[in-house]
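Novice: Below are the structure tokens for one structure; questions will follow.
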Amino acid sequence: MAEENMTLVTEFVLTGLTHHPKLKMPLFLVFLVIYLITMLGNLGLIALIWKDPHLHTPMYLFLSGLAMADASTSSSVTPKMLINFLSKNHKISVAECFTQFYFLGSSATTECFLLLVMAYDRYVAICNPLLYPVAMSNSLCTQFISSSYFVGFLHLVIHVGLLVRLTFCRSNIIRYYYCEILQLFKISCTDSTVNMIVLLNFSVFIQAFTFLNIIVSYIKVLFAILKKKSEKGRCKAFSTCSAHLLSASLFYGTLFLIYVCPGSGPVEDKENMFSLLYTIIIPLLNPFIYSLRNKEVIGALRRLMKK
């Protein structure tokens, strides 16, 4: 029995969102439609921004970077989930599991820093409009975007490097619909204390640093807007910030609900529900949040359709 327990796991089993066979096909269709709309919305927005010269401005360059991160977040989770809805075999290899965690985590980290630089962009545009063309050149924006992705990729190299040192022999069941790192810690037969400390410190630092700086930026923006004498100027300034504020609120609000707020009902069900918001629903909503009331994006789409 002891020998059996020490057998090393080479693949995991994802329990998924439901155990009810009758729900699997309806859920497959729902999430397939969501995924297709998500990819069409995000990749279409990227293509529109790069195609239309009128959108070659810092705000839209950042938006294209955010859309790419959202597409990556959704693609790291949804295809495997869709396959598992149709298949009785919910197995995932250790290498595939770590790869899924790497791309999901790096996309999330990248999004934190992109939301930060987007807040800084709005701060400079509203608080220092005369310096904006110099302070936020396209080349500097490209550097900000590249740095955000670099930090995201580098951050997850650390966690995956620490994951590789763990061995799994207790169980191969991951009670989640994707390879969630805390679930991996639970089934590890190697002490994961170091992993947990590193994960906690990096996560708290990155999320607190980016969130607090976004808050500070928008407090300064709010005071600058309230000082404007023209009501039209105030409305225009508010409208340019509202989409980003909504996107940041959804992103950080979901993280808060997952990791801070206790909820009623089974913990796993609560975490699965909030994780769906973060991994699937937010990437679906973001391109529409930034596009539907944006006259420049709608104008670019009309120009493209006329051609």
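The values are calculated or read from the model by the stated rules, or taken from the named source; none is laboratory data. Being a predicted model, the structure only gives us computed values, none of them experimental. Don't worry about glycine lacking a Cβ; one is built from the backbone with ideal geometry, like all the others, and counts go over all protein chains shown. Heavy atoms of the whole protein, side chains included, go into the accessibility calculation; ligands, DNA and RNA do not. Shrake-Rupley method; radii C 1.70, N 1.55, O 1.52, S 1.80 Å.
Novice: Kirkwood hydrodynamic radius, the range 46-160, all distinct C-alpha pairs: what's the number in Å?
Specialist: Numbers: mean 1/r = 0.0633 Å⁻¹.
When all Cα pairs of the range 46-160 are included, the Kirkwood radius is 15.8 Å.
Novice: Right, here's the next one. For K186 paired with F205, estimate the spin-label separation in nm (one decimal), with each label point 7 Å from Cα along the Cα-to-Cβ line.
Specialist: Label-label distance for K186 and F205, simple model: 2.8 nm.
Novice: Can you compute the modelled spin-label distance between K51 and V164, with each label point 7 Å from Cα toward Cβ, in nm?
Specialist: Simple spin-label model gives 4.2 nm for this pair.
Novice: Expressed in nm to one decimal, what extension gain is obtained for the pair F288 and F153 from 0.36 nm per residue of sequence separation less their Cα-Cα distance?
Specialist: Details: separation 135, 0.36 × 135 = 48.60 nm, distance 2.65 nm.
In short, 45.9 nm is gained.
Novice: Okay, moving on. Nearest 0.05, what FRET efficiency do I37 and T193 give at R0 = 30 Å with Cβ-Cβ as r?
Specialist: Working: r = 42 Å, r/R0 = 1.39.
It comes out at approximately 0.10.
Novice: Would you compute the Debye intensity of the chain from its alpha-carbon atoms alone, equal scatterers and no solvent, and pass along log10 I(q)/I(0) at q = 0.09, 0.11, 0.14 Å⁻¹ to two decimals?
Specialist: Debye output, listed in q order: -0.51, -0.74, -1.11.
Novice: Please compute the per residue accessible area over the chain with all protein chains in place, 1.4 Å probe, rounded to a whole number of Å². Walk me through the intermediate numbers first.
Specialist: Details: 16380 Å² over 307 residues.
Value for the chain: 53 Å² per residue.
Novice: Order 164-172, 282-290 from most to least packed using the mean count of other Cβ atoms within 10 Å. Provide the component values of the computation, followed by the final result.
Specialist: Working: 164-172: 14.7, 282-290: 21.2.
Peptide ranking by packing, descending: 282-290, 164-172.
Novice: I want to verify the translational diffusion coefficient of the range 99-234 in µm²/s; compute it with Stokes-Einstein, Rh as the Kirkwood radius over Cα pairs, at 4 °C and 1.567 mPa s. Before the final figure, lay out each step's value.
Specialist: Values: Rh = 17.5 Å.
Roughly 74 µm²/s, to the nearest whole number.
Novice: Considering only C-alpha atoms, what is the centroid distance from the range 137-193 to the range 17-58, in Å?
Specialist: Measuring centre to centre over Cα atoms gives 24 Å.
Novice: Can you list the DSSP H helices in the chain whose Cα atoms extend at least 18 Å along the helix axis and whose mean Kyte-Doolittle hydropathy is -0.5 or higher? Could the numbers behind the result be given before it?
Specialist: Working: long enough: 21-51 (44 Å, 1.60); 58-86 (42 Å, 0.80); 94-127 (49 Å, 0.99); 138-164 (39 Å, 1.34); 193-227 (51 Å, 1.73); 231-259 (40 Å, 0.53).
Long hydrophobic helices here: 21-51, 58-86, 94-127, 138-164, 193-227, 231-259.
Novice: Same structure again: Report, by chain and number, residues whose modeled amide H sits under 5 Å from the one on K228, excluding near sequence neighbours (fewer than 5 apart, same chain).
Specialist: So K228 has HN proximity to no qualifying residue.
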